[in-house]
Amino acid sequence: MSIRHGLLALLDQGPRYGYQLRSEFEARTGATWPLNVGQVYTTLGRLERDGLVEPAGEDDEGHLFYAVTEAGRTELRQWFDTPVPRTNPPRDELAIKLAMAVGVPGVDVQAVVQSQRRHSMKALQDYTRLKAQALTAGEQQSDLAWLLVLEQLIFQTEAEIRWLDHCETRLAQHAARSVAAPAPAPPATTTGRPRRSRI
């Protein structure tokens with residue numbers, strides 16, 4: 001997740017201070033990826049160091065505002081114009097868990113799959129309920145942003161459930177082949193006296 005570009009996008013709409021950025025980021029994403037204010041200020045520090053934002057004064061309460069620079073706007077436009085690369089997919093804990101489980105003796109991989117499916121089905125129901133609430137909430141821009149995030153989570157969870165179904169089928173096929181495969185023949189043994197080698 002690019003916090004850097006998310007903050008630039010918010011600052012492109014006008015100067016803001018750290019707590020405002022955190023609140024607006026979480027409102028847009030429905031707090032799906034919560035930020036702590038320390039992350040926000042650390043990221044702002046890096047953006048300022050890179051010339052993408054600059055201080056824009058303080059209010060009466062001492063909040064330091066930041067504004068996007070032209071270089072920041074250029075970087076933001078490039079981010080919007082560039083597809084998210086899929087050449088280096090992020091690590092997926094579930095895929096790693098199943099890949100490790102199939103090689104560890106004593107792990108019931110089918111049980112791991114079933115447990116995850118139950119969890120994913122519940123998450124899908126929760127996301128669907130939140131989507132219904134978002135649809136009835138109105139058509140504000142923040143509602144639209146949250147709706148897009150929710151739908152991505154729904155599609156991702158549906159895909160995960162389909163993949164778990166596929167894993168279960170693959171595991172069953174592998175088990176069936178293992179049972180059907182003939183046992184390897186025992187090594188040949190010789191009886192009688194050993195032969196003398198000719199020299």
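Annotations
- Whichever residue in segment 141-164 is open to solvent by 60 Å² or more (accessible area, probe 1.4 Å) and out of contact with any helix residue (DSSP H, G or I) (no Cβ under 8 Å at 6 or more places or on another chain) and, among such residues, is modelled with the lowest pLDDT: Q141
- Of the numbered criteria (1) open to solvent by 30 Å² or more (accessible area, probe 1.4 Å); (2) of a type outside the set (A, V, I, L, M); (3) part of a helix (DSSP H, G or I), the one G6 fails is (1).
- Tally, over segment 51-71, of residues that are under 20 Å from H5 (Cα atoms) and part of a loop (DSSP other than H, G, I, E, B): 3
- Positions within segment 52-79 being in contact (Cβ under 8 Å) with a residue 24 or more places away in the chain and touching a strand residue (DSSP E or B) at 6+ places or on another chain (Cβ under 8 Å), in sequence order: L52, V53, A56, G57, D59, L64, F65, Y66, A67, V68, G72, L76
- Enumeration of residues in segment 22-47 that are under 18 Å from V149 (Cα atoms) and not in a loop (DSSP other than H, G, I, E, B): R22, S23, E24, F25, E26, A27, R28, T29
- Single unsatisfied condition, R77 versus (1) open to solvent by 50 Å² or more (accessible area, probe 1.4 Å); (2) of a type outside the set (V, I, T); (3) part of a loop (DSSP other than H, G, I, E, B): (3)
The values are calculated or read from the model by the stated rules, or taken from the named source; none is laboratory data. The model shown is predicted, which means the values in this text are computed figures rather than measured ones. When we count neighbours, we look across all protein chains shown, and the Cβ atoms used for this are built from the backbone with ideal geometry, even at glycine. For the accessible areas, the whole protein counts, side chains as well, though only heavy atoms, and no ligand, DNA or RNA atoms are used. Shrake-Rupley method; radii C 1.70, N 1.55, O 1.52, S 1.80 Å.
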